[in-house]
Amino acid sequence: MASTSKYIRMDSILPFERSIAELENRLIDTECEQERKDIEIEIQRECDIVFPNLSAWERVQLARHAQRPRMLDYTKLIFDDMIELHGDRVLGDDLAMVTGIAQFNGETVMVVGQQKGVTTEEKVERNFGMAHPEGYRKAMRMYDMAERFKFPIISFVDTPAAHPGLEAEQHGQGPMIAQGIMRSLTVDAPIFSAVIGEGGSGGALAIAVADEIAMFEHAFYVICPPERCAEILWRDVEKKELASEALKPTAYDLKKMGIIDTIIPEPNGGAHRSPNAAAQALSESIERFLFNAKKGIFTPTTRQQKFQSMGVWAEEKEPLLKISEAADQA
């Protein structure tokens, strides 16, 4: 009797992946060559229907997929000779924030990013990618080094948020994030930032201020998790899907609003289905960025102008006048 370990476990997949997983399990069982080809065509057709039409909440789920590649998966596939650098030279070494020097196509680059962890043990060790002030201080130490040695900076964003604990606040979490954002705006080195999974709140923004912000097709980048937004606005976490739509966290939403610059396409079905293909797409984006960086078009001034131009607002004078008139009549 064949072992069931080769089959895709239905309890480990997302609801919208179920039909595809059932077809893939049928494919495993099939030995007939023609039938295999037919099932493969059916799988491709199903993927073409499902994944381009995901809701915002479904993309959030996909970005959090347990098998989605993490930062260190990408660094192993993209870079050569990466040497990890540790410590913030003040308090300690935060394992949620990984930093180091690596080679990319023969060019030395500074690498900074959040690592969530894969196994339960590693997730706890990495604090689920939620950095303490020590982590952000370590990242900014690397930014200073990159500026000194003229290394381009490549950052990987993948965090629910900065660590929200009492100890982190006592060590200056808020001010450290603010300092990180300010340093990112002034560092004299080209910065490329990739949102590879979750981009949550200031914890993401602290290393996502860049000359070019790229985002994987099924990643998300948002001020707070949809569940927390639902609790704040409606006192009901079950309204997370409604919150997801309102927050507009997807790559397509953010590209339309000018918050990000590039959408990195994912393999059909998501990056977890083919990490090598996802890494190749990310590598091509980094290569294009470094090619442009050599032309000297990225400077602290252009970076600051880019962020200053984000957002649109207008004063609504008429409603204010009506309120004033109503107050006078009262």
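Side notes on the structure shown:
- In plain terms, the chain from residue 123 to residue 27 could stretch by 31.2 nm, reckoned as 0.36 nm per residue minus the Cα-Cα distance.
- Amide proton proximity set for residue 195, modelled H, under 5 Å, gap of 5+: 157, 214, 215, 216
- By the count of other C-beta atoms within 10 Å, a proxy for reagent exposure, 272, 218 are ordered fewest to most as 272, 218.
- Overall form of segment 76-224 per C-alpha gyration tensor (a/c, 1.5; a/b vs b/c): rounded
- Sequence ranges 205-211, 287-293, 220-226, ranked by mean other-Cβ count within 10 angstrom, highest first: 205-211, 220-226, 287-293
- Cut-off under 5 Å, modelled amide H: who pairs with residue 131 long-range: 163
- Under Stokes-Einstein, with the Kirkwood radius over Cα pairs as Rh, the value for segment 17-110 at 10 °C and 1.306 mPa s is 91 µm²/s.
- On full extension, the segment bounded by residue 284 and residue 302 gains 4.2 nm, given 0.36 nm per residue less the C-alpha separation.
- Förster-model FRET efficiency, 45 Å R0, residue 235 and residue 188, C-beta, rounded to 0.05: 0.45
- Only DSSP H runs of four or more residues enter the estimate; each adds -39500 (n - 2.57), and after division by the residues of the chain the mean residue ellipticity at 222 nm equals -14500 deg cm²/dmol.
- Lysines whose Cα lies under 24 Å from that of residue 138, excluding same-chain neighbours fewer than 8 positions away: 76, 116, 123, 150
- Estimated inter-spin distance, residue 35 and residue 310, nm [label 7 Å along Cα→Cβ]: 5.3 nm
- Residues whose amide H lies under 5 Å from that of residue 85, counting only those 5 or more places away or on a different chain, are 99, 100, 101; hydrogens are built 1.01 Å from N in the peptide plane.
- For the chain, a Gaussian network of Cα nodes joined below 10 Å ranks 190, 152, 265 by mean-square fluctuation, and the top entry is 265.
- Largest-first principal axis extents, alpha carbons of the chain, Å: 77, 63, 42
- Cβ-to-Cβ counts within 10 Å put 120, 250, 159 in ascending order as 120, 250, 159, the fewest first.
- Ranking of 201, 309 by neighbouring Cβ atoms within 10 Å, starting from the fewest: 309, 201.
- When Rg and the Kirkwood radius Rh are both evaluated on Cα atoms of segment 221-283, their ratio Rg/Rh stands at 1.10.
A short reminder: the numbers here are calculations on the coordinates, not readings from a lab. Nothing here was measured: the structure is a model prediction, and the numbers come from that model. Cβ: placed from backbone, ideal geometry, glycine included. Neighbour counts: every protein chain shown.
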